[in-house]
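Readers should treat all values here as calculations from the given coordinates under stated rules, not as data from a laboratory. Since the structure is predicted, the reported quantities are computational estimates derived from the model, not experimental observations. Don't worry about glycine lacking a Cβ; one is built from the backbone with ideal geometry, like all the others, and counts go over all protein chains shown.
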Amino acid sequence: MRLERCAASQLLESTLRAGAFRPRVQAQCLFHLRRSSSSLLTRQRRIPPLLSATSSLVPSSQCTHQHRYTSTSTTPYPPKIAILGGGIAGLSSAYFISREFPKSKVTIFEAGKETGGWIRSKRVAVDGGDVLFELGPRTLRNATVTASLIQDLGLIDDVIFTKRSEPGAKNRFIYFPDRLNRLPAEPPSLSDLFALWRSGILGGVLGMIKEPLMPKRPDSMSDETVGSFLARRVDKRIANNIVSAVFHGIYAGDIWQLSAKTLLNTPWQLEGRYGSALGGFFRMQSEDQRPQSVSLVHPYDLDMVKATNEEIDLDPEFVKNLKEAAMFTFKDGLQHLVRALQNAVETKGNVVVTTESPIQSFTPIESEAGPGVEVVSGNEGSTQTETFDLVVSTLRNNDLTPYVTVMTVNLYFPDPKLLPVEGFGYLIPQSIPFEQNPERALGVIFDSSAIRGQDNLPAPGGGTKLTVMLGGHWWDNWESYPSEEEGLEMARAVLKRHLNITAEPLAHCVNLARDAIPQYTLGYEDRARDFADGIESEFKGRLRVVGSQVNGVGVNDCVAGAWAVARG
C-alpha cells in the first residue's frame, strides 16, 4: 500500500493548501538532464538529477545544454562515490545509492564528530527518570519516501503517532496581540472563527473577496517577496499577523525577504496565468482541470509521484496509522532515525563514514584514468586527497541562499498543569510590538502535549516540557549571540510574559544552531538556475547536489531528494 499525500501529491490535491510552502527548484533543468541522450550507467536506471527536488518549477530557457555523467570505462557503475556531508541528506543519499549500486565504494565525509546534522535528541536525567529533549527537528509528517525508509530500517515498532484527533494536533495557536489565539481546526467551527475575528488577527481577511478583482502584476515582475505578494493581492495585515507567524515556524524567516515565486509558487503561477490566484483556483475547479493540465506542475513532479507509487510499497497497518496521524516521531527522538541510518550504511560493506573530515575543496580533473572529481578533506595541515567518479554534495553554497541562526531552549517542569491550554504550541508573528517580544522569540512548542511517550517519568501526568525558539531572521545583524545562560533567561522571560509561567525548570538544555536554515530569498529561482548551469558546465554531470538548499528545509524534503538522486 502507498501513502496518498507525498510532497508532490499534496500539490496535486490542493494548489493552495496552507503549509505547502516548499521551494520550487530547477525542475526544468532536471527534466532536460533526464531526457538527454547520453547515459550515466549501462544499467537500466536513469541518471540522478542535478538538483533533485520532489517538486520544482523553473523556466528552462537557459537549461537546454545539460550533460549527464558518462562512464569512460566498461564498468557499469561509478566505482567510487563521495558524499559530502553526513546530515540526514547525506546519510539518506548513502543509503539509497549503496542499495542501488552495491558494487560502488561510497565514502561519506562529515566535518563534525557525529552524523545527523541538526537532528539531535538528548536524554536528561530528572528525579525518578529522564526526559527527552529535541535540539532540532522533532516530528515528521506523512511522506511516502520517508515512510519507506523507516520500514526498510525496521523502525516501524519504534514510531509514536500523534493522531489528528488529539489536542496536540488540533490545537495550534498564534500569539496576537497579547494572548493566545487558537487557529481553526478542520473543519472550522463558527465559534473558532468568531473568536479569531474578535481578536483582530483576521483584520484584512475580507481582502480575499476582492482578490479576483485586483489588477494582475506587470509582466516585467520576475519575483517579489511573500509579504509583498500577499499585501498586493489580499491585505498587508494578513501577511503580518498570520502568514509571518507560519513562516517563523517553518523557515524562521522574514516574509518581506523570502521569495513568493519560490515558496508560494502555485498562487504566483495562477495569478500569472489567470490574473488572480483565487479566481484561477476556482476556475480550474469549475473547468474540472488538474494543475498539471495548466502547466502548474512540471512533468518532473508528475514523474516523481508516479515513481513513488510504482516503486514503493508500504505495510498496510503502517499506512493506516500514518493516515490517522497528524505527525509522528520515535520513542527515542528523531536521532533514532539517524543512528539507524548510519548503522545500516556501515553494515552494507561498501560504505565508509568518516567524521571530523571537513571538505577543503572538490575540483573536476582529467587524468590518464579518465575524468573525475578530486576531493581534498581533513583539517589544514593534515589533509587527504582522493579522486572519485561521482560526488554528491550536501554542502552549502553561500551564493545560493543566506542562512539564519536559531537558538532552542528546552525546559522541563515537574508540574503537569503549567500550561493554560493543550496543543502543539504557538507562533509569534512579525506584527507583535517589541515590548511583547523583546527577546525576538519565534514561538513555543508544547512538547509534553504535542508528543507523548518519549519520557520515562514515574509521576502521573509526566510534568510539562516546552521548547522556546529564539532568533531566526530577527538576529541577522547581531554582532554576537546570547550565551547559554542568557538564552535560558530569555526563554524564561518569554514564558512569563506570554504564559504566566514563573516556575523554576527542573531541567533545561540550550542549543545554538548557527546558520541552520537556508532562506529562499528574492530572486532564488534565478540564482538556482545559474547555480545548476554553472556546476553542470564545470563538472559535466559528475556532481549532484541534494539537501535543504535545493530540496526544502524539512527532513522529508531531504530524504526525498536523496531518493531521487539514487533513483535517477
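In region 110-223, with Lys and Arg counted as +1 and Asp and Glu as -1 at Cβ, which of these residues, Ala185, Pro212, Thr139, has the Cα nearest the positive end of the dipole, that is, farthest along it? Going by the Cα projections, it comes out as Pro212.
Counting other Cβ atoms within 10 Å as a rough exposure proxy, the listed residues Val409, Val234, Val555 run Val234, Val555, Val409 from fewest neighbours to most.
Placing +1 on the Cβ of every Lys and Arg and -1 on the Cβ of every Asp and Glu, with no other charges, gives region 438-523 a dipole of roughly 380 debye about its Cα centre. Ranking Phe434, Leu419, Thr467 by how far each Cα lies toward the positive end of the dipole of region 377-512 (charges on Cβ) leaves Leu419 at the top.
By per-residue mean of other Cβ atoms within 10 Å, what is the highest-first order of 378-388, 413-423? Walk me through the intermediate numbers first.
On the way: 378-388: 12.6, 413-423: 16.2.
Packing order, densest peptide first, comes out as 413-423, 378-388.
The calculated Kirkwood hydrodynamic radius for region 128-167 is 12.5 Å, given to one decimal from all distinct C-alpha pairs.
Restricting to region 70-181, what percent of DSSP beta bridges are antiparallel, rounded to 5? Around 60 percent antiparallel, to the nearest 5.
Let me know the charge dipole size of region 365-489 about its Cα centre in debye, to the nearest 20, where only the beta-carbon of Lys, Arg (+1) and Asp, Glu (-1) is charged.
Working: 5 positive and 19 negative charges, 161 e Å.
It comes to approximately 780 debye.
Using unit Cβ charges (K, R positive; D, E negative) and no other charged atoms, how large, in debye to the nearest 20, is the dipole of region 159-271 about its Cα centre? Write down the numbers at each step before the final one.
Details: 15 positive and 11 negative charges, 55 e Å.
Taking the Cα centre of region 159-271 as origin, the dipole is about 260 debye.
Residues Arg514, Arg273 in ascending order of nearby Cβ atoms (within 10 Å, fewest first): Arg514, Arg273. The separation of region 475-489 from region 323-356, counted between C-alpha centres, amounts to 31 Å.
Its alpha carbons considered, region 450-568 gives a radius of gyration followed by a Dmax of 20.8, 62 Å. Look at Val468, Val376 and count the other Cβ atoms within 10 Å of each Cβ; fewest to most, that gives Val376, Val468. The residue list Val345, Gly280, Gln360 was ranked by how far each Cα lies along the charge dipole of region 218-371 toward its positive end, using unit charges on Cβ atoms, and Gly280 comes out on top. Under 18 Å of direct C-alpha separation, and excluding same-chain neighbours fewer than eight residues apart, Lys80 reaches these lysines: Lys103, Lys105, Lys348, Lys540.
Normalising by the residue count of region 240-387, find the relative contact order in percent from Cα pairs under 8 Å and 6+ residues apart.
Values: 90 pairs, mean separation 11.3, N = 148.
It rounds to 8 percent for region 240-387.
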